[in-house]
Amino acid sequence: DTEVTQTPKHLVMGMTNKKSLKCEQHMGHRAMYWYKQKAKKPPELMFVYSYEKLSINESVPSRFSPECPNSSLLNLHLHALQPEDSALYLCASSQDWTNAYNEQFFGPGTRLTVL
Amino acid sequence: GEDVEQSLFLSVREGDSSVINCTYTDSSSTYLYWYKQEPGAGLQLLTYIFSNMDMKQDQRLTVLLNKKDKHLSLRIADTQTGDSAIYFCAESILTGGGNKLTFGTGTQLKVEL
C-alpha cells in the first residue's frame, strides 16, 4: 500500500465553525506533513511531525491545530478560519525526514472553502 | 528568502521534447526532485537526482544538474497529452533536524495535438 488518503475531499465551512481534516498512511512512514496550496502556486509547508512529535511549525496561525494520534494518522483541526484560508490542503508522508533522500508521498488533498 | 524559480508556462506539440528549467537556492541541497501535479490531485514524484551527479536518465525523462549555476532541468522526450500538468522542482534543505522540501514556483505544461 503506497497510498496516502485524505478526508474529506471537499469542505465548506463558515468562519465560526470547527472542523477537522484527516490523513492516513500505512506505509510505516515516520514523518508526516501538512502543506497549504493556493491555486497555481507551489505547496507551502505548514507542519512536520517526526515520530509522532511536532518538529516544524512554519509560523502557522493558531486557528490551525495539528495532531498526530499515532504513526499512521495526522489530523488538522480548524477553528475560526478566515476566507483567505481557502486552499487545497495536502498531507504527505515519508520514511524518515532525517534521511538525506526524503521522498514524500502526497495525498490527493482536501479542497477547503471558508465562507 | 529567495524563491526556487521556474518559468510559468510551456506549450509543446505532441511528440516533441519538453524542457522545464529550475533555478534553486541552496548549494548544499543533497537531493533535488521533480514532482508532477495533475488538476485537482496531489503531487506525484517523477524522478530525483543526487547532487554529485550531473545527469540522470529514466525512460522518457532526463534530468540535468549544473551545481555551479544551481540550475536543474527536466527533459521529457516524446511528450504526450497525458503529460499536461504542473511540474514542480524541489530542493531538500536541512533544517530543524530534518530535510524539508522547498518547491519551485511551478511550470504549467500544455501539450497540443
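The values are calculated or read from the model by the stated rules, or taken from the named source; none is laboratory data. No experiment lies behind these values; they were computed from the predicted model shown. Please note: Cβ atoms are built from the backbone with ideal geometry, for glycine as well, and neighbour counts cover all protein chains shown. Only protein heavy atoms, including side chains, enter the accessible area calculation; ligands, DNA and RNA are left aside. Shrake-Rupley method; radii C 1.70, N 1.55, O 1.52, S 1.80 Å.
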Residue within segment A:39-46 that is more than 10 Å from chain B (Cβ to nearest Cβ), at pLDDT 95 or above and surrounded by fewer than 14 Cβ atoms within 10 Å (Cβ to Cβ) present: no
Segment B:67-102, residues that are at pLDDT 95 or above and either under 15 Å from B:D26 (Cα atoms) or in a loop (DSSP other than H, G, I, E, B) (or both): B:H71, B:L72, B:A77, B:D78, B:T79, B:Q80, B:S84, B:C89, B:A90
Residue tally, condition of a type outside the set (D, E, K, R), touching an Asp or Glu at 6+ places or on another chain (Cβ under 8 Å) and not in a strand (DSSP E or B), over segment B:1-52: 5
Number of the exception - B:K110 against (1) touching a residue at least 60 places away in the same chain (Cβ under 8 Å); (2) buried (at least 17 other Cβ atoms within 10 Å of the Cβ); (3) part of a strand (DSSP E or B); (4) of a type outside the set (V, I, T): (2)
Per-region count, segment B:1-30, residues under 12 Å from the mean Cα position of the chain (by Cα) and farther than 11 Å from B:L74 by Cβ: 5
Tabulated pairs, segment A:92-113, first open to solvent by less than 10 Å² (accessible area, probe 1.4 Å), second of a type in the set (D, E), C-beta under 9 angstrom, 6+ apart or interchain: A:S94/A:E103; A:N102/A:D96; A:G107/A:E3; A:G107/A:E24; A:L112/A:D85
Condition check for A:M46: part of a strand (DSSP E or B) and over 12 Å from A:G107 (Cα atoms): yes
Whichever residue in segment B:48-61 is in contact (Cβ under 8 Å) with a residue 12 or more places away in the chain and either open to solvent by 80 Å² or more (accessible area, probe 1.4 Å) or of a type in the set (K, R) (or both) and, among such residues, is farthest from the other protein chains (Cβ to nearest Cβ): B:R60
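Here are A:P8, A:P83: which of them is at pLDDT 95 or above, farther than 24 Å from B:C89 by Cβ and open to solvent by 50 Å² or more (accessible area, probe 1.4 Å)?
Result: A:P83 is the single residue among A:P8, A:P83 that is at pLDDT 95 or above, farther than 24 Å from B:C89 by Cβ and open to solvent by 50 Å² or more (accessible area, probe 1.4 Å).
Taking the residues in segment A:22-36 that are outside any loop (DSSP other than H, G, I, E, B) and hydrophobic (A, V, I, L, M, F, W, C) as candidates, determine which candidate is nearest to the chain's Cα centre (by Cα).
Checked segment A:22-36; the qualifying residue nearest to the chain's Cα centre (by Cα) is A:W34.
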In segment A:63-115, residue farthest from the other protein chains (Cβ to nearest Cβ) [restricted to those that are assigned to a strand (DSSP E or B) and aromatic (F, W, Y)]: A:F64
Unique residue being buried (at least 18 other Cβ atoms within 10 Å of the Cβ) and either on the phi < 0 side of the Ramachandran plot or out of contact with any helix residue (DSSP H, G or I) (no Cβ under 7 Å at 6 or more places or on another chain) (or both) when the list is B:L64, B:L74, B:L45, B:L8: B:L74
